[in-house]
Each structure stands twice: as structure tokens, then as C-alpha cells.
Amino acid sequence: MSDATPQTSVGHAVPERADLRFSVPPTSIHRVEADGVQVFYRAAGDEGAPVVLLLHGFPTSSFMFRQLIPRLANHYRVIAPDLPGFGFTEVPTERKYVYGFDELARTIEAFTRALSIDRYAIYVFDYGAPTGFRLAMAHPDRITAIVSQNGNAYEEGLGDAWGPIRKYWAAPTAENRSILRQTILTAGGTRWQYTHGVANPESVPPESYTLDTALFERPGNKEIQLDLFLDYASNVKLYPKFQEYFRKSKPPLLAIWGKNDPFFIPAGAEAFRRDIPGTKIQFLDTGHFALETHVVEIASGMKEFLQENGIGARRKL
């Protein structure tokens, strides 16, 4: 995971960043019942290490963290669940689950209880942001730090790409719902989300948007996604509450942002400083799914930020 080659022969110093000296902890997959839901999650790292909870967004799953998890796992206990309606988390029919952001947060809070996680840093992206910010508002003492990768909490952070969904909020008709089904919830629409704003679109691994497309083609899943589109308006209404939490609790916050994201634009990253003056901001020359092109920069930025805030100790070589 490092660009430095360790040298162990006599007379050669081992470079400071020689992470390859250490074996990479394997990423394991699990399922646990929480809130009546079978939550699928990926985990890696020592169980006694500080926890980093990774919360994905639309239309992906914990799969989006496949390259980030091993880059953090030598220093942290990294846990990445699939939200209900995404990835391989299973919601029994008899659970009669209501797909909204209050419910997603309630399930993830139950998930943290099931795993006995009572202190953690959160990485929030897209839908993971309003989910994670709800957890933080409810239990500010549990949050050690926040890493927001294109995870918005401000009106000025909403880009023009929200236009069709805003129209649906204003008039939740069958016609407007159908328009979103036929434009956003398509293979082309998903690929566009991954490649827009990327200097070389062909560099984005196709398994990412191909898997997402296959999963939302499952029976009933598009209706779940359309329900969540509609309920996203509840997040915008909560933005002032999120901001109040930031002002009162002032959690250490890193906003690391794909600056070409058409959904969550750079103004959303910059706005965090209004409520948390010490916010660290880093812009990357990429789009919405920044991990697909800049995982090395994000992992490095996260480790530096967390260590600066006393979360996890740097390994001694």
C-alpha cells in the first residue's frame, strides 16, 4: 500500500512509509441482526483498535470501500455496513420496513449496539452523511471525528444535478417518479455518476457501477430508491439541526471532496468551517465517487487527520 520499497539489508534504513513491512489484515464479511434487519458488513483490523465506521451512499454499498479498508486496517478497526435497500443487507418482508433516512439511522444505530461499538469516527459519503449526522446528533459523545467525503449538510452544497429530484419533492406525482426511474435509475445514469468530473472516465473500474446497476435491478429495489429520493427532502429540513450539532459539539472534521461532483459541490465542503472553524478541507480533482480515482490520497489524508486528533497511534518502525 506504499510506494516505498522496504530495504532490510545491513546499512540501509527502512523508509518511514514502508507499510509493506506489515501484513495487511484481511477484510472479512459478516451478517448481524439489528433492528429486525440482517445487516451485511465488511470489517478489518484489530478489535481493540479505534473504530472507523464507513457509511456509503447512493447507489452503492460497502463495496465502494474495498480499496480503502485495507489501507486503514493496520491502524484502525474498520467497519462498513450496507444500508437497508443497498448491497447485501436483507430486510425481511414481514419487517414492513419504511425506507426513509430516520429509519436508516435507526437501523445503523442498532447495528452499532449489536457490535458493541460505543466510540467511533465516521466516514460519511452521500446518503451516509444524513445517516451518520443523525447518529452524531443523538449521541455526540460517541463520535470521535468526522470525515466527510462529499457528504453534505448545507443548502449551498446542493448542485444543479438535484434539479429533477427537487421537482419530485415539490410535486411527488407518478409522472415525476417515472422520470427519475427512467433517467437516474438506469445503467447509463449510474455510470454517469461514477465518471462525471473524472479526468479519464475509462480509469473508473467498471465493476463498481456494474454491480450497483445489477443490485438495483432486483425486484422492488427501484421503488425503494424512489422512496429515498423523496425522503431526501427531510435531510435538507434537518440541515439547521446538523449545523447546530456542529456548532455545539465541534467534532474534528475533515471535508475531503471531489471538486467536480455535480451533486454536492465545493461550497458544501467550505461551509463546514462556518460552524467548525478548525475544519480541514481538501479538494481532489475528481467527481462524486472520489474513492474510485483517489483512494491513496483519501487514505493518507484520513490517517494524518485522525492521528493529528489523537485517534490511533502511528506505528513505530
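The values are calculated or read from the model by the stated rules, or taken from the named source; none is laboratory data. From a predicted model like this one, the values you see are computed outputs, not experimental measurements. No Cβ is skipped: glycine too gets one built from the backbone with ideal geometry, and neighbour counts run over all protein chains shown.
Could you give me the residue pairs with C-beta distances under 8 Å whose first residue belongs to the stretch 91-102 and is under 22 Å from GLY57 (Cα atoms), whose second residue is among the β-branched types (Val, Ile, Thr) and assigned to a loop (DSSP other than H, G, I, E, B) wherever it lies, and which are 6+ apart or on separate chains?
TYR97/VAL91
Pull out all pairs, ordered by first then second residue, where Cβ-Cβ is under 6 Å, the residues are six or more apart or on different chains, the first lies in the stretch 155-175 and is at pLDDT below 95 and exposed (fewer than 12 other Cβ atoms within 10 Å of the Cβ), and the second is assigned to a helix (DSSP H, G or I) and aliphatic (A, V, I, L, M).
Between residues of the stretch 155-175 that are at pLDDT below 95 and exposed (fewer than 12 other Cβ atoms within 10 Å of the Cβ) and residues that are assigned to a helix (DSSP H, G or I) and aliphatic (A, V, I, L, M), there is no close pair.
Taking the options ASP227, ASP261, name whichever one is crowded, with 21+ Cβ neighbours inside 10 Å, farther than 13 Å from GLU155 by Cα and among the charged types (D, E, K, R).
On the way: ASP227 fails: crowded, with 21+ Cβ neighbours inside 10 Å.
Residue meeting the stated conditions: ASP261.
Residues of the stretch 292-312 being within 15 Å of LYS280 (Cβ to Cβ) and not aliphatic (A, V, I, L, M), which ones?
Scanning the stretch 292-312 gives GLU297, SER300, GLY301, LYS303, GLU304, PHE305, GLN307, GLU308, ASN309, GLY310.
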